[in-house]
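This report refers to the structure that appears directly beneath it.
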Amino acid sequence: MADSAHILVVEDDAFVQKALRLYLEGEGYRISTCDNGADMHALMVKDPADLAIMDLKLPKDDGFELTRQLRDKYAVGIIILTSKDDAIDRVVGLEIGADDYVTKPWDERELLARIRSVMRRVTERRSSSVDTTVGKQRSVTFSGWILNLDSRELKNPDGSKVELTSGEFSLLNEFIDKAGR
């Protein structure tokens, strides 16, 4: 998995960018870096990442909003890596779609374990046998409901959107994945 996995680091601190690049390249990952939302989107269009490591404190952009945009537009794993260690920030980050939340300073081995864990889930999500394709987005239909696995959006049978927390989405996805068991 690490041989071909592409990680995008969205971080404004050049030292942190370099530290992550050196460590993760040493673990076999391909790394791209940027320090703002415009470059993040350009990189995702040009060479989509399998996982994004997102800082929340960026000088030009709101890291929470960039996380939400990544979740809405791409089938990508997201780990927030930030110095913001308040419980409310962690909850908000996970609720808007991050798969994990790590505070700085971080332990390299723990971060690597979290990356591998998120990558396993991303790989499972992408290879799920119940997926159907709607455009370029993967979705599952059940009893008239449509769950978009990429945008994490649920629509009820009349077509209106149902808001889901990250935990609710994960639980619903697990129920669908294990249907009949």
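The values are calculated or read from the model by the stated rules, or taken from the named source; none is laboratory data. Owing to the predicted nature of the structure, the values given are computational and were not obtained by experimental measurement. Note: ideal-geometry Cβ built from the backbone for every residue, glycine included; neighbour counts use all protein chains shown. Protein only, heavy atoms only, side chains kept; ligands, DNA and RNA dropped before computing areas. Shrake-Rupley method; radii C 1.70, N 1.55, O 1.52, S 1.80 Å.
General remarks:
- In terms of its Cα atoms, the chain spans 51, 33, 30 Å along the principal axes, sorted from long to short.
- Rounded accessible area of Thr141 (nearest 10 Å², 1.4 Å probe): 90
- Net lengthening on full extension, Asp13/Asp39 (0.36 nm per residue, minus Cα-Cα): 7.9 nm
- Taking packing as the residue-averaged number of other Cβ atoms within 10 angstrom, the listed peptides 60-73, 142-155 run from highest to lowest as 60-73, 142-155.
- Across segment 139-156, coupling constants 3J(HN,Hα) worked out from phi with the 6.51/-1.76/1.60 Karplus curve, θ = phi - 60°, read 9, 10, 10, 8, 6, x, 8, 10, 10, 7, 6, 7, 8, 6, 9, 10, 10, 7 Hz, and Gly and Pro carry x.
- Net length gained if the chain between Asp86 and Tyr23 were fully extended (0.36 nm per residue, minus Cα distance): 20.0 nm
- Residue with peak Gaussian network fluctuation, the chain [Cα springs, cutoff 10 Å], from Asp86, Asp35, Asp158: Asp158
- Rounded to the nearest whole Hz, the Karplus-based 3J(HN,Hα) values (6.51 cos²θ - 1.76 cosθ + 1.60, θ = phi - 60°) of segment 88-101 follow the sequence 5, 4, 4, 4, 4, x, 6, 5, 7, x, 5, 7, 7, 9, with x at glycine and proline.
- Ligands, DNA and RNA are left out, and with a 1.4 angstrom probe the accessible area of the chain is 53 Å² per residue.
- Using alpha-carbon coordinates, inclination of helix 14-26 to the longest axis of the chain, degrees: 70
- Cβ charges +1 (Lys, Arg) and -1 (Asp, Glu), total dipole of the chain, debye: 580
- Applying 1/(1 + (r/R0)^6) with r as the Cβ-Cβ distance of Lys104 and Ser143 and R0 = 25 angstrom yields a FRET efficiency of 0.05.
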